[in-house]
Every structure is written in C-alpha cells, then in structure tokens.
Amino acid sequence: MDKFIVMGGNRLNGEITLHAAKNAVLPLLSCCLLCEEEVVLRDCQPLSDVKKMTEIIVRMGGKAYFENDDLHVDCSNAEFMPIDAELTKSIRSSIFMLGSLLGRFGKAEVSYPGGCEIGKRPIDIHIAGLQKLGVKIAETEKYIVCDGKNLHSGIINLSMPSVGATENMIMAAVLTKGSTVINNAAKEPEIIDLQNFINALGGKVKGAGGDTIIVEGVERLHGCKYRPVSDRIAAGTYLTMCAACGGEIVLNNCDIKGLRSVIDVLKSCGCRISEEGDLLRLSSDGKLRNAALLRTGPFPAFPTDMQPQVCALLSVADGVSLIEETVFENRFKYVSQLEIMGADIALDGRRALITGVSRLHANIIEAEDLRGGAALVTAALMADGVSTVYGVEHIDRGYYKIEDELTRLGADIVRVSNKLFQKRKTIA
Ligand code: UD1
C-alpha cells in the first residue's frame, strides 16, 4: 500500500482542468450494458473505482479499455453473470448494476454491496422500487437475486431521494415497454447526466433535475460518443485545499451549477471567487472565518462528499463552526486523525462542533475512506512539518494521481510506493 509524505505550509497556485466525474462515469458504465453497440466515454480518468467497474464488464464478456482519455465500452457480447462478493465488496457501485442487468438480461444476481465505510448504506429503497416494476426479489445469504421476467413499467415513489436508487430505476425502465414515473427522485447533476447520456443513446428520459423523472421505454439503444459531466467533488476538493493553504487557483471545465453550495460556503469563509463560463477562480490569503452552520443534504444542499474536506479547512478557521451530517450516519471517522494533528472538534452523533485553532501540526495519519482521505491530505498540506498519510488506496478511488495535480500547484507531496520500497530493500 502506498503512502503520501507531505511537507505542509506551501501556498497553492495554478490551474487544474477537471475531467469526467467518478460518480457520473460509474452509472454510465453500468448503463452501457443496455446498449449493444460501442460507446465512447470521453475525458475519463482510470480511477481505481472506474477500473473495477470496467473489470466487471470485461468479466461478463464485454470490452472496456482506455485509449488516451477515451473509455471505449462495447457490451454487445456481454453475457449474464452473477456479480460476486469480491467485486461488490470493493466497489459499492456494482449495486447500480441491478437496473441495467434486469433491463438487459431480465435477471440480476448481485452480492451485498461494499464501498466507503461511512455507514450502513442499506439498499431497501432500490429493492422496493424494483418490486414496483414487477421484479421478484429473493435475498439469500450471499446474493440479492432478482427475477425480472415480469419487469413492467410503473409508478415508483422513492421514500428518500437516493442517488443510486434513482439511477437503478431509470436503467431498469429504459428498455421496458411503457412509461415509468419515478417520484421523489434524486436531483444531483449526475442524475441529469445519466438522462442526457441515455437520450444520446436513443432512449427517452425526461424530468431529471426535478422531483419526477419519466422514462418511456424504447426497443433498443445505439452507440454514441459522450463527455460525462465534470467532477464537482474533485473541483470542490481542490478549491478547499487552496482556500486552506492560501494562494490562487483556476479551475477549467468546471460544473459551476453543481458546485454552488460549496462556492457559497467558501465565500462566506472569506475566499474571493469569480466565475466566467466554465472557469472558476479562487483566491485566499489562508485566513478564514468560521461557518456558523453547515448542513449536508441531497442536491442542491451542501454535498456530503465535501463535508470532510471543508471540516479540515474549518479546523483552522477563526471562530466556532457547526457541521451537521444528515446523509450518512458515520461520516466523521477522519476526525480522530485531525485531532491527532491538533484540531479541536467535539463530536455528538451526526454533529461536529469545530473550534478553530491557529495551526495544525504534522503527524502520521491514516485515511479510512475516500473523502475522509481527501480531508487528511488537506490537513497535511496546511500543517507545519512533514506528515505521512496512509490509506492512499482510498484516495485513489476518486482522485487520479492527486499528488501530481498538487505538485503542479506548488505543494510538497510525494507518493511512496510500498512495492518500490520493498524492491529497494531487496537490491540492498
Ligand atoms: C451516491 C454517491 C456518493 C454520495 C451519495 C450522496 C455514487 C457512486 N455515490 O451514493 O458519493 O455520497 O450519493 O450524495 O454516485 N439509503 C437507504 N436505503 C437505500 C439507499 C440509500 O437508506 O436503499 C440511504 C443511505 O444509507 C444514505 C442515504 O440514503 O444514508 C443516501 O444514499 P444514496 O443517495 O443512495 O447514496 P449512494 O447512491 O449510495
């Protein structure tokens, strides 16, 4: 396993060009199963989560490979396969395959999901929705077994606007005759992107971004070339890092609409932010104010996927901040590591009360999940001294070679590969 060695204290200056969003590409890859022609997803990065999804497609007999930044996917020869525990443990998004497997093969067998350790992450909403579409579901010890012989269109009222469940329902309905209505749908930009993608493939989806999505079933989909929406969480992470360290950063290809709540918080903390088309510029002197109350929630509220990074920033902001995490039940695991670095954070269930300190101090810290890991890198970048960040494999799930991007901005960060270290020891 790799680790980062970070010498904190440098200001961050420069430009970053954003690529396709991990959380858009994953459901799009799943959706490719519904299409029996080649699809090209443009401007994608080989993030570890993305590579795991392509591995599932390849194991099913489909083709999936990178050619520069283009991800080619051809599922014409894909055959039914149960998605086993080994794959679902390492990537929760395999649960997003339920809908497309049902649409393509009329059945699905998926092992219980894994992914980020940020709470129980149940799948009852997915199951209830599919049952409304006539899918018979049996839960065995290992698998969720779905029989879609009688898959039909219908009206689904989601009990909560779950992102994954909304995506699954859309995909189950794309090739299903008739009109399927999904009420209380999630409104995230990645849902709109899935709609745009399906329509580019010849499907008929409307309403995404609002409460109700309507899918008119079509007989088949055709191939296309498509550029998924930009990664708003990667964008927000780099903005937060620059805000925390001080400096000036320009983001190109930015999904500014998707970032609005993050921009508002960073502005209220004292950053100067300007926008021009899809270009966003942030400058910060590193002296930040508190955020009185920051509450995460479904889009357009503040994204839970930005909560840890902003908490790291608030740990050195002037005054007291309160964060309330309403989406996931266990998303403060990283806090113990910030405390090792000198942060003053009091946890009470889903709330964190942060009293800003003047400086964080370098230490040896370990990431346990993706965005918590990004928060620890943020903390290490602004701390005084040299920190070691373990658990880099979690960070690699959502940021491609983050150390290279940060080095270009002036950070002092290197990846130490354990393999390299072992090889050197052998040679010696
Ligand atoms: C997606 C994102 C993730 C983000 C989250 C919320 C991807 C690959 N992942 O995850 O990065 O943090 O949206 O924006 O796109 N829930 C249930 N039962 C269900 C489904 C969900 O109780 O059947 C609960 C979850 O436990 C959680 C909340 O609903 O507390 C939100 O989950 P959901 O919107 O489904 O998130 P994901 O799709 O898993």
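Mind checking which of MET60, MET171, MET306 has the largest fluctuation in a GNM of the chain, springs on alpha carbons under 10 Å?
So, out of MET60, MET171, MET306, the one fluctuating most is MET60.
Tell me which residues come under 5 Å, amide H to amide H, from LEU294 once H is placed; ignore anything under 5 positions away on its chain.
The answer is LEU322, ILE323, GLU324.
Rg over Rh of region 185-240, using C-alpha atoms and the Kirkwood radius, what does it come to?
1.07
May I ask you to derive the FRET efficiency for LYS267 and SER336 from their Cβ-Cβ distance with R0 = 30 Å, giving the value to the nearest 0.05?
Calculated value: 0.50.
Label-point separation (nm) for LYS89 and ASN252, each offset 7 Å from Cα along Cα-to-Cβ?
4.2 nm
Taking the Cα atoms only, what angle lies between the long axis of helix 418-427 and the longest principal axis of the chain, rounded to 10 degrees?
Value to nearest ten degrees: 70.
I'd like the Kirkwood hydrodynamic radius of region 22-226, using the inverse of the mean 1/r over distinct C-alpha pairs, in Å.
16.5 Å
Reachable lysines from LYS136, Cα under 16 Å, same-chain residues fewer than 8 places away excluded?
Qualifying lysines at Cα under 16 Å: LYS107, LYS149.
Read phi for every residue in region 244-251 and hand back ³J(HN,Hα) as whole Hz from Karplus 6.51 cos²θ - 1.76 cosθ + 1.60, θ = phi - 60°, with x for Gly and Pro.
6, 8, x, x, 9, 10, 10, 9
Hey, what do the phi angles of region 194-200 turn into as Karplus ³J(HN,Hα) couplings, whole Hz, using 6.51/-1.76/1.60 and θ = phi - 60°, x for Gly and Pro?
Calculated HN-Hα couplings, in order: 5, 4, 4, 5, 4, 5, 5 Hz.
Taking the chain as a Gaussian network, Cα atoms linked when under 10 Å apart, which of THR378, THR180, THR212 shows the biggest mean-square fluctuation?
Fluctuation is largest for THR212.
Can you sort ARG331, ARG397, ARG42 from fewest to most other Cβ atoms within 10 Å of each residue's own Cβ?
ARG42, ARG397, ARG331
From the backbone phi of region 319-328, what are the Karplus-calculated ³J(HN,Hα) couplings (6.51 cos²θ - 1.76 cosθ + 1.60, θ = phi - 60°) in whole Hz, Gly and Pro given as x?
Using θ = phi - 60°, the values come out as x, 10, 10, 10, 10, 10, 9, 9, 8, 10 Hz.
P(r) for the chain, please, calculated from all Cα pair distances in 10 Å bins and given in %.
That works out to 5, 22, 31, 24, 14, 4, 0, in percent per bin.
Fully extended, how many nm does the chain gain between PHE80 and THR140 (0.36 nm per residue separation, minus their Cα-Cα distance)?
Difference between extended and current length: 19.7 nm.
Using only Cα atoms, tell me the angle between helix 163-174 and the longest principal axis of the chain; keep it within 0 to 90° and round to the nearest 10.
30 degrees
Could you tell me the number of lysine pairs in region 156-296 with C-alpha atoms less than 25 Å from each other, where the two lysines are 8 or more residues apart or belong to different chains?
Qualifying lysine pairs in region 156-296: 15.
Under a crude label model (7 Å from the Cα following the beta-carbon direction), how far is GLU37 from ARG408 in nanometres?
Simple spin-label model gives 3.4 nm for this pair.
Mean residue ellipticity at 222 nm from the helices of the chain, using -39,500 (n - 2.57) per DSSP H segment of n ≥ 4 over the full residue count, to the nearest 500 deg cm²/dmol? Don't skip to the end; give the middle numbers.
Values: 15 runs with 141 residues, N = 428.
Rounded to the nearest 500, the figure is -9500 deg cm²/dmol.
Give the calculated FRET efficiency between LYS287 and ALA128 to the nearest 0.05, with a Förster radius of 60 Å applied to their Cβ-Cβ distance.
0.75
Bear in mind these aren't lab numbers, they're just calculated from the coordinates by the rules spelled out. Since the model is a prediction, treat every value here as computed from it, not as a measurement. Cβ sites come from the backbone with ideal geometry, for glycine too, and all protein chains shown count toward neighbours.
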